[in-house]
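The values are calculated or read from the model by the stated rules, or taken from the named source; none is laboratory data. Worth saying up front: this structure is predicted, and the values here are computed from it rather than measured. Backbone-built Cβ (ideal geometry, glycine too); neighbour counts: all protein chains shown.
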Amino acid sequence: MYWQKVALPVVMVFALGCLMGTGSRVTAQKPESIELFNGQNLNGWYPYLKGRGKGVDPKEVFSVKEGLMRISGEEWGAIATEKEYGNYTLTMEYGWGGKVWPPREKSARDSGLVLHCTGKDGAHADSWMYGLQVNMIEGGTGDLSILGKSADYAFQSPAEERPASGKKGWYFKEGAPVHTFGPAERLLWGDKDPNWTNTLSFRSAKDAEKPAGQFNLMVVVAKGDTLTVTLNGKLMTKASGLKIQKGKIQFQSEGAELLIRRLSLEPLR
């Protein structure tokens, strides 16, 4: 299968501090990593689908196939962790599958990693919880936006206003003046194509994300009131001033197949 063609290295880091002396020894270890996806089942997760509610998924929009977490995209909704998390490094290996669904069969493949989720399931569009969204969409993966209408998720980032898809948008740029983003705004990753269009398989010369059929490595560091997103080694966006610093983690289902083969969380002290 196509997702078996690309193998990203899995880096395991062990911290061991030793104090050698006459009869004394001190050992310090990092908190153990949490495997959010075990490769076998969806233990620790639950679905919510538009028009169906929590825990009802007759079409298996969310499933495990050949060791991969599969989000089919056929119905709108989300899969969310049962537990809440804060202060962590989240490492994910994912790839776009080939399947797309109406009414987005001609649109850019779309999903979303939503962090610090709070409140009611389906509060936004009867599909998703409120949260801070690391957008996952062809050409725009790494953008940051607020999912829902809560001003409590407002954040700040150094950004520069430039043309964006026939309008104007705020692009992440280190050293630029800090801009505050509310529920109706979106922080674009720095090298996003200013002529981006919502079309299937959209790509530009500077895209950090690989095309459908290949896997990507995304690392998100959520520490205190900050959030940093890196994609395939490229810094995409940063946020600071977060009021909500803990919550559930959810992935969106909205018309495109998404495959996840690794999803781990390293707690930060």
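Only one of Thr118, Thr180, Thr199 is crowded, with 17+ Cβ neighbours inside 10 Å and either at pLDDT below 95 or of a type in the set (Val, Ile, Thr) (or both); which?
Thr118 is the lone residue from the list that is crowded, with 17+ Cβ neighbours inside 10 Å and either at pLDDT below 95 or of a type in the set (Val, Ile, Thr) (or both).
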Restrict the check to region 23-36 and report whether at least one residue is in a strand (DSSP E or B) and at pLDDT below 95. yes
Looking only at residues that are more than 19 Å from the chain's Cα centre (by Cα) and not aromatic (Phe, Trp, Tyr) in region 185-197, which one is farthest from Leu132 (Cα to Cα)? Asn195
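Mind checking which residues of region 59-81 are of a type in the set (Ser, Thr, Tyr) and either outside any loop (DSSP other than H, G, I, E, B) or modelled with pLDDT under 95 (or both)?
Result: Ser63, Thr81.
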Taking region 88-115 and keeping residues surrounded by fewer than 21 Cβ atoms within 10 Å (Cβ to Cβ) and aromatic (Phe, Trp, Tyr) leaves Trp101
Index of the failed condition, Asn232 passing every other in (1) more than 30 Å from Gly44 (Cα to Cα); (2) free of Cβ contacts under 8 Å to residues at least 60 places away in the same chain: (1)
Selection count where residues are in a strand (DSSP E or B), more than 18 Å from Gly77 (Cβ to Cβ) and of a type in the set (S, T, N, Q), scope region 237-269: 3
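Here is a yes/no grid of residues against (1) surrounded by fewer than 19 Cβ atoms within 10 Å (Cβ to Cβ); (2) free of Cβ contacts under 8 Å to residues at least 40 places away in the same chain; (3) of a type in the set (Asp, Glu):
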residue: Leu36; (1), (2), (3): no, no, no
residue: Gln40; (1), (2), (3): yes, yes, no
residue: Tyr48; (1), (2), (3): no, no, no
residue: Gly53; (1), (2), (3): yes, no, no
residue: Pro58; (1), (2), (3): yes, yes, no
residue: Leu68; (1), (2), (3): no, no, no
residue: Ser72; (1), (2), (3): no, no, no
residue: Gly86; (1), (2), (3): yes, no, no
Output the number of the condition that Val56 fails; it satisfies all remaining conditions of (1) over 25 Å from Pro267 (Cβ atoms); (2) hydrophobic (A, V, I, L, M, F, W, C); (3) under 16 Å from the mean Cα position of the chain (by Cα). (3)
In region 214-250, residue farthest from Trp170 (Cα to Cα) [restricted to those that are surrounded by fewer than 20 Cβ atoms within 10 Å (Cβ to Cβ) and touching a Lys or Arg at 6+ places or on another chain (Cβ under 8 Å)]: Gln214
What are the pairs with Cβ atoms under 7 angstrom where one residue, in region 239-251, is of a type in the set (Lys, Arg) and the other, located anywhere, is surrounded by 16 or more Cβ atoms within 10 Å (Cβ to Cβ) and assigned to a strand (DSSP E or B)? Sequence gap at least six, or different chains. Lys246/Tyr85; Lys246/His116; Lys248/Ala80; Lys248/Thr81; Lys248/Cys117
Ser127 in contact with a Gly (Cβ under 9 Å, 6 or more places away or on another chain) and either surrounded by 22 or more Cβ atoms within 10 Å (Cβ to Cβ) or modelled with pLDDT under 95 (or both): no
Qualifying strands (runs of 3 or more DSSP E) (wholly inside region 126-204; at least 3 residues being within 17 Å of Gly241 (Cβ to Cβ) and not acidic (Asp, Glu)): 130-137, 144-147, 155-164, 178-181
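For the structure I just gave you, tell me whether Ala208 is at pLDDT 95 or above, part of a strand (DSSP E or B) and of a type outside the set (D, E, K, R). I'd like the intermediate steps shown before the answer.
Numbers: at pLDDT 95 or above: yes; part of a strand (DSSP E or B): no; of a type outside the set (D, E, K, R): yes.
Taking the combined requirement at face value, the residue does not satisfy it.
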Among the listed residues Asp152, Asp126, which satisfies the condition of being in contact (Cβ under 8 Å) with a residue 24 or more places away in the chain and closer than 27 Å to Trp101 by Cα? Asp126
